[in-house]
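So the structure is just underneath, and the comments pick up after that.
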Amino acid sequence: STPPFRSPLAATAHWLFDTPPVLWLFGAQLVAAILAIAGVRPLAAWVAVALVVNLLFHLRNQHGLDGSDQMQTIVLASLLILHVAPTETGRFAALCFIGAQSILSYLTAGIAKAISPTLRSGAAVGAILRTSSYGGPVSARVLARRPLLSWLASYGTLVFECALPLLVFVSPGACLVFIGIGVLFHVSIAATMGLNLFFWSFVSTSLSRSHVWI
């Protein structure tokens, strides 16, 4: 039975966040994304729809969100500001903000891993792949038989997140190296751990990081 609600707003939210209405929201977000990518104007309207659905999803699903959800919100909000105020200054500010948030995300994640004894032991990646939430049975078995691979994966992640973001400030070529390795990094994470949203959220910031050299 439908639970009692103290306000019409709560009743509306309960209806909207249930199925099938919540699927309509995701459908609207998909259509808005396609129209925005296709360049159909007004772009600000489609980005606004995608952002509103994103925020509603956060309200509906307050547990289990991660860095990819936060980065998606940052990217959409910045793009909305960019299209609402389409000046050169606004474009520069929005893209640099996205790029700075991306670099900060990698650095903080790397530092957090660097102080972890489990990661420094080289066993972290293999241990994560054995979990039920982020596990990859095939990859876990491969790393269990080859401890050196687990060590390389753990320290490779550490170097990528702590050091490679600094390549953005070196040169255009170095920035492209970071972006290329980042794409491969997130592809491997999506394939082994099922974290496919990280790929779309963080790879979408690549243009902003390269914007430092535009």
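The values are calculated or read from the model by the stated rules, or taken from the named source; none is laboratory data. A quick note: this is a predicted structure, and the numbers were derived from the prediction, not measured. Reconstructed Cβ throughout: ideal geometry from the backbone, glycine too, with neighbour counts over all protein chains shown. In case anyone asks, the SASA skips ligands and DNA or RNA and just uses the protein heavy atoms, side chains included. Shrake-Rupley method; radii C 1.70, N 1.55, O 1.52, S 1.80 Å.
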| note | Taking the range 131-154 and keeping residues closer than 11 Å to Thr192 by Cα and in contact with a helix residue (DSSP H, G or I) (Cβ under 7 Å, 6 or more places away or on another chain) leaves Tyr134, Gly135, Gly136, Ser139, Ala140
| said: Restricting to the range 168-194, count the residues that are farther than 14 Å from Ala109 by Cβ, surrounded by 15 or more Cβ atoms within 10 Å (Cβ to Cβ) and in contact with a Gly (Cβ under 9 Å, 6 or more places away or on another chain). | reply: 3
| With respect to the numbered conditions (1) open to solvent by 60 Å² or more (accessible area, probe 1.4 Å); (2) modelled with pLDDT of 90 or more; (3) more than 15 Å from Thr205 (Cβ to Cβ), which one is the sole condition not fulfilled by Gly64? | (2)
| query | If a residue has to be surrounded by 15 or more Cβ atoms within 10 Å (Cβ to Cβ) and under 30 Å from Glu161 (Cα atoms) to count, how many in the range 29-52 make the cut? | reply | 4
| remark: If we keep only residues of the range 129-153 that are within 21 Å of Phe202 (Cβ to Cβ) and either touching a Ser or Thr at 6+ places or on another chain (Cβ under 8 Å) or among the charged types (D, E, K, R) (or both), then the residue modelled with the lowest pLDDT is Gly136
| message | Quick check on Val142: is it within 22 Å of Leu104 (Cβ to Cβ) and in a helix (DSSP H, G or I)? | response | no
| request: Scan the range 157-167 residue by residue and report those that are farther than 21 Å from Phe97 by Cβ and open to solvent by less than 40 Å² (accessible area, probe 1.4 Å). | output: Thr157, Leu158, Phe160
| request: Please list, ordered by first then second residue, the pairs with beta carbon atoms under 6 Å, 6 or more apart or interchain, first in the range 184-201 and closer than 12 Å to Met71 by Cβ and hydroxyl-bearing (Ser, Thr, Tyr), second open to solvent by 40 Å² or more (accessible area, probe 1.4 Å) and assigned to a helix (DSSP H, G or I). | output: Ser201/Gln72
| Scan of the range 113-151 for residues that are of a type outside the set (Lys, Arg), closer than 26 Å to Phe178 by Cβ and either touching an Asp or Glu at 6+ places or on another chain (Cβ under 9 Å) or open to solvent by 90 Å² or more (accessible area, probe 1.4 Å) (or both), ordered by number | Ala114, Ile115, Tyr134, Leu148, Trp151
| In the range 79-107, how many residues are outside any loop (DSSP other than H, G, I, E, B) and loosely packed, with under 13 Cβ neighbours inside 10 Å? | 3
| request: Mind listing just one residue for me: the one in the range 5-28 that is open to solvent by 40 Å² or more (accessible area, probe 1.4 Å) and among the aromatic types (Phe, Trp, Tyr) and, of those, modelled with the lowest pLDDT? | output: Phe5
| request: Would you check which residues across the range 145-156 are more than 25 Å from Ala100 (Cα to Cα), in a helix (DSSP H, G or I) and not hydroxyl-bearing (Ser, Thr, Tyr) and list them? | output: Arg145, Pro147, Leu148, Leu149, Trp151, Leu152, Ala153
